[in-house]
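Have a look at the structure below before the remarks.
Every number in this text was worked out from the coordinates using simple rules, so none of it is lab data. Everything numeric here is computed off the predicted structure, so don't read it as measured data. Neighbour counts run over all protein chains shown; Cβ positions are idealised from the backbone, glycine included.
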Amino acid sequence: MNDFKPSKIMSASEVVAEQLYQRRLDKGLKLPEIAAKINIKQEYLEALEKGEYNKLPAGVYGKNFLKEYAIFLGLDYKRLVKDFQSEKNVSPEEKNEGIFPQQIIKKHNFLIFPKVVKNFIIITITLACLFYLGFCLKKIISPPMLEVTEPQDNQLINENFVNVLGKTETEAEITINGELITLEQGENESIFTKKINLKTGLNIITITARKKYGREVIIKRQILVNE
């Protein structure tokens, strides 16, 4: 009586792997030379022959590698690919995907977004501070505003005096012909007025405005007094 020896039930991956391995041996081929000819890494061919699909690239790359390898060995690649997909439980969406594998977004990728937002806020605040400091510095060192409303330049008068009227910034000081003038402080500007005695003939009135750390501004008025 012959002893009954149960045959091993092979999984789909083992069936595919066995066919690939056995056909390669029958043809007397070695993996390095096949890898060079079909331009597929040897480690992927070894994974196919061992049924270790987890070592293959994600997406359709593994299926394409199997197809190329099966065609090279002269096997029915359609049947092998079907078994391959059955073993990997490939969904219809995966079967129709393009060349590039679907990438799984890992948990740490979600942590990158808050960091980007945080860095953006820090950079924005830093730039705003630098802009404000630059604005303040420019305001400090820039020459003050100076406006002289009276008298007009090149004016001809008969009196031996003239009233000088004008306005400037609140931080500025005014001198007229070298004499410091008291300013009347307003909300956003200072107003000045000064009676200047004139001589007969040509008179030059020099009005100067300056701030503590800024450049000065000079306005001159020529007044001609009739004899």
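Past 19 Å, Cα to Cα: identify those pairs from 167/220; 30/78; 37/82, in the order given.
30/78; 37/82
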>> Per 0.36 nm of contour for each residue apart, how much would the distance between residue 156 and residue 18 grow if the chain were fully extended, relative to their Cα-Cα spacing?
In response: 38.1 nm
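Sorted by packing (mean other beta-carbon atoms within 10 Å per residue), highest first, where do 22-35, 121-134, 199-212 land? Present the calculation step by step, with values, prior to reporting the outcome.
On the way: 22-35: 12.9, 121-134: 10.0, 199-212: 15.4.
Going from most to least packed, we get 199-212, 22-35, 121-134.
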> So between residue 179 and residue 58, what do we pick up on full extension, going 0.36 nm a residue minus the alpha carbon distance?
Replying inline: 34.9 nm
> If you take the charge dipole of the stretch 138-227 about its Cα centre, with +1 on Lys and Arg Cβ and -1 on Asp and Glu Cβ, which of 162, 174, 197 is farthest toward its positive end?
Replying inline: 174
